[in-house]
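Some notes on the structure that comes next.
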Amino acid sequence: MTQTVAGVVPFTSIDFPGCLAAVLFFQGCPLRCPFCHNPELQPFPGPTGQKWEEIMEFLRGRIKRLDGVVFSGGEPLMAPEVVEKIQAVKELGFKVAIHTSGVYPERLREILPFIDWVGLDIKAPWDKYEELTGRPNMVEQVQKSLQILVESGVDFEARTTCDPRHLTPADTLKIAQGLHALGVKTYALQKYRTFDADKNPPSVTEIEAFFAQEALSPIQKFYPDLILR
Ligand code: SF4
């Protein structure tokens, strides 16, 4: 198999609700979000990576020490033989979660029977999707993924990272309304985290504006249990 895993976080308690998990970061993403923290993961194939056999060896050593494994990225649904990879991890006894942008609905449908939890990133209100993903025609794909998830009954969360350089609190309200209309039950707002390579980071005040009660209250009418992180 090809080298598609660019990195591994061996232990996390925050990326897979209710599970102690390892995270596998898969190389490759079809989107070009202007706020991407991991642009080095966008090209496919990437410059470096670990062989899948090495990942499996690492996971065998974590049996009974971890509950689950998160397939993240990049976009893990771009990975070759992703269904087989997920099945192989399940066969070791782990629960499996996936973090996805939802742009591959049919691949999502294919893997769902083996998935315990999905975190689906909603980048923007539908009318700003092209601007904030750098790619046209993604809205239909993402909406289809949401429909597949809602109908599947698999536990999932839609979530938005609040980058004030690209989104406003009015945008997050619009997103929440759109998700509610599609039957999405769980929504989370995530604070934008600045990082070293960020040339023009937003201020803490701008980031916190999304989490002020006057911004949250209208969203909580749709999502009383809105998750904040
Ligand atoms: S979907 Fe994620 S990995 Fe892909 S470009 Fe956007 S932020 Fe980066």
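In table form, for the structure just shown:
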quantity	calculated
Condition broken by ILE111, with the remaining ones in (1) under 23 Å from LEU226 (Cα atoms); (2) surrounded by 15 or more Cβ atoms within 10 Å (Cβ to Cβ) satisfied	(1)
Options LEU173, LEU120, LEU182; residue that is in contact with a Gly (Cβ under 6 Å, 6 or more places away or on another chain) and at pLDDT 95 or above	LEU120
Where a residue in region 202-229 is at positive phi and its partner, wherever it lies, is buried (at least 16 other Cβ atoms within 10 Å of the Cβ), with Cβ under 9 Å and at least six apart	none
Flag if ILE175 is more than 20 Å from CYS33 (Cβ to Cβ), surrounded by 14 or more Cβ atoms within 10 Å (Cβ to Cβ) and within 17 Å of the chain's Cα centre (by Cα)	no
Qualifying residues in region 109-123 (those that are under 10 Å from VAL142 (Cβ atoms) and in contact with a Lys or Arg (Cβ under 9 Å, 6 or more places away or on another chain)) - the one nearest to the ligand (Cβ to nearest atom)	ASP121
Subset of region 215-229 [exposed (fewer than 14 other Cβ atoms within 10 Å of the Cβ) and touching a helix residue (DSSP H, G or I) at 6+ places or on another chain (Cβ under 8 Å)]	LEU228
Lone unmet requirement of (1) under 16 Å from TRP126 (Cβ atoms); (2) of a type in the set (A, V, I, L, M, F, W, C); (3) surrounded by 13 or more Cβ atoms within 10 Å (Cβ to Cβ) for VAL150	(1)
Residue under evaluation ALA197, criteria (1) of a type in the set (A, V, I, L, M, F, W, C); (2) touching a residue at least 24 places away in the same chain (Cβ under 8 Å); (3) not in a helix (DSSP H, G or I), criterion not met	(2)
Residue, farthest from the ligand (Cβ to nearest atom), within region 18-32, restricted to residues that are in contact with a strand residue (DSSP E or B) (Cβ under 9 Å, 6 or more places away or on another chain) and closer than 21 Å to THR194 by Cβ	VAL23
Residues of region 21-36 satisfying the condition of being surrounded by fewer than 17 Cβ atoms within 10 Å (Cβ to Cβ) and under 16 Å from PRO76 (Cβ atoms)	CYS36
Exclusive hit being more than 9 Å from the ligand (Cβ to nearest atom), more than 21 Å from the chain's Cα centre (by Cα), charged (D, E, K, R) and not in a strand (DSSP E or B), set GLU54, GLU40	GLU54
Residues located in region 191-200, provided they are surrounded by fewer than 16 Cβ atoms within 10 Å (Cβ to Cβ) and touching a Lys or Arg at 6+ places or on another chain (Cβ under 9 Å)	LYS191, ASN200
Residue satisfying all of: in region 153-186; in a strand (DSSP E or B) and without any contact (Cβ under 8 Å) to a residue 60 or more places away in the chain; farthest from ALA209 (Cα to Cα) among these	PHE156
Check on LEU132, farther than 15 Å from LEU182 by Cα, surrounded by fewer than 22 Cβ atoms within 10 Å (Cβ to Cβ), of a type in the set (A, V, I, L, M) and away from the ligand (no atom under 13 Å from the Cβ)	no
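The values are calculated or read from the model by the stated rules, or taken from the named source; none is laboratory data. Keep in mind the model is a prediction, meaning the values are calculated, not measured. Please note: Cβ atoms are built from the backbone with ideal geometry, for glycine as well, and neighbour counts cover all protein chains shown.
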